[in-house]
Amino acid sequence: MSGVEKSRKPSKLFVRWAVFMIGLIIMSFGISMMIRADLGSAPWDVLHIGLTMQLGLTVGSWSIIMGFIIIGLTSLLTKKWPQFGAFINMVLVGVFIDIFLWILPSPEGFLLKLAMLVIGIIVIGYGIGLYIAPRLGAGPRDSLMLALTLRTGWKVQWVRSSMEVIVLSFGWLLGGPVFIGTLLFCFGIGSVVGFTMPQCQRIVDILIERGSRNENFNQGTLRTHHHDGIS
């Protein structure tokens, strides 16, 4: 391997990690927008907010705590540790959710709240696209989803849907916010990510000079349901 090739390898890895972390920050910002819109949150956020209401601590703290629990459960199922990216995902998302919730105000009036909600879902879509594109590992919840899929033999969509329903039910029982935003997220995030992910993948491929413009993205191993949300 030439000196030039050796020097390019670390730079590509740096770009991948930089994009991965930027994606997580953007996704956290979108999640915080949804929460501040106060029209209902994504299923996992409903659970985190419900836990905050009943037991204290911040929403971001519960996101991290649940992430640790999920990583532990996934490790028991797979007999191995998830990729390092799952740990970074868990910690960064929780930290930045709390930061953005502290910064962002709640809008007045239904139309402004609805606009913030919709923009938040779109922002989450771009965050998901950016953090998945470098292929540095799925988040804790996606890792659990894949582990359960292998264990049960069920289709991915059924495992994911079952997880979301169970989490949403517990969150609702704890007093978490279930409203129109929850429905918009559940039925809309797949389409949003289906639109944003190919765009983000092309951008990342150009940045790390992978030259994958001629590859067929739809034949890859990633799918639009491979995201946390905080899922």
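A few comments on the model shown:
- Any chance SER106 is part of a helix (DSSP H, G or I), over 21 Å from ILE64 (Cβ atoms) and hydroxyl-bearing (Ser, Thr, Tyr): no
- Looking only at residues in region 146-179 that are in a helix (DSSP H, G or I) and loosely packed, with under 14 Cβ neighbours inside 10 Å, the one that is modelled with the highest pLDDT is LEU173.
- Reported count of residues in region 55-79, each being closer than 20 Å to VAL165 by Cα, open to solvent by 40 Å² or more (accessible area, probe 1.4 Å) and touching a residue at least 60 places away in the same chain (Cβ under 8 Å), is 1.
- Residue within region 132-144 that is β-branched (Val, Ile, Thr), within 14 Å of SER32 (Cα to Cα) and surrounded by 16 or more Cβ atoms within 10 Å (Cβ to Cβ) present: no
- Residues of region 80-89 that are open to solvent by less than 60 Å² (accessible area, probe 1.4 Å), more than 14 Å from ILE25 (Cβ to Cβ) and among the hydrophobic types (A, V, I, L, M, F, W, C): ALA86, PHE87.
The values are calculated or read from the model by the stated rules, or taken from the named source; none is laboratory data. Quick caveat: nothing in here was measured; it's all calculated off a predicted structure. In this analysis, Cβ positions are derived from the backbone assuming ideal geometry, glycine residues included, and neighbour counts consider all displayed protein chains. Surface accessibility is based on the protein's heavy atoms, side chains included, excluding ligands, DNA and RNA. Shrake-Rupley method; radii C 1.70, N 1.55, O 1.52, S 1.80 Å.
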